[in-house]
1. Name the residue that is modelled with the highest pLDDT, counting only residues in the range 34-51 that are aliphatic (A, V, I, L, M) and in contact with a Gly (Cβ under 8 Å, 6 or more places away or on another chain).
2. Asn54 passes all but one of (1) modelled with pLDDT under 90; (2) outside any loop (DSSP other than H, G, I, E, B); (3) not aliphatic (A, V, I, L, M); which number fails?
3. Kindly list, by first and then second residue, each pair from a residue in the range 62-88 that is touching a residue at least 24 places away in the same chain (Cβ under 8 Å) and aromatic (Phe, Trp, Tyr) to a residue that is part of a helix (DSSP H, G or I) and loosely packed, with under 11 Cβ neighbours inside 10 Å, limited to pairs with Cβ atoms under 8 Å and residues at least 6 apart or on different chains.
4. Quick one: Lys122 ticks every box in (1) within 50 Å of the chain's Cα centre (by Cα); (2) exposed (fewer than 10 other Cβ atoms within 10 Å of the Cβ); (3) of a type in the set (Lys, Arg) except a single one, so which number is it?
Amino acid sequence: MAIGRVVKLADTPALGAGAARRESSNLSSPTKLDFLFFRFRIRCIIMSKSKKDNFVTYGGMEKLLADQTNVILNAVDERIDKKLVAQEVRILFVVDKKLAALEARIDQKFDKLITTLDKFLKRLTDSEDEFEVMKYDINRMKKVIKEKLGVNLS
């Protein structure tokens, strides 16, 4: 946005008494505010030329300033809305990126936990299977001792 300062000009026939112009601080294309300022200046010139005494009434100036203020505020609101939407998009992008990283870390830890539980259950199952095999062998040995020696070990 080309924001410049308002410079008061000398009384010139083309612009009227007490006219002002906007001096731009850079050479970019005109913005909406430049256009609005130009429109306001034209209105002031028309009003001043329509009066024979070359003055603007308080009520007329108040109405012009109120209209101009509304136009400027609407333009500023539009720009702020655009910037807020852009900022919201940037924030959502960053949040999504951080959530994806967090989700990846949680998935990695969850996988590690599942692997640890699987190893533990495998060891427990192997121990139970070995216990069953040993129980079967001991029962078989008791049976052989009872048949061969006639001693009951139960």
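The values are calculated or read from the model by the stated rules, or taken from the named source; none is laboratory data. The model shown is predicted, which means the values in this text are computed figures rather than measured ones. Positions of Cβ are backbone-derived with ideal geometry, glycine not excepted, and every protein chain shown enters the neighbour counts.
1. For the range 34-51, the residue satisfying everything is Ile45.
2. The single condition Asn54 does not satisfy is (2).
3. Sorted first by the residue in the range 62-88, then by its partner, the list stays empty.
4. Lys122 satisfies all of (1) within 50 Å of the chain's Cα centre (by Cα); (2) exposed (fewer than 10 other Cβ atoms within 10 Å of the Cβ); (3) of a type in the set (Lys, Arg) except (2).
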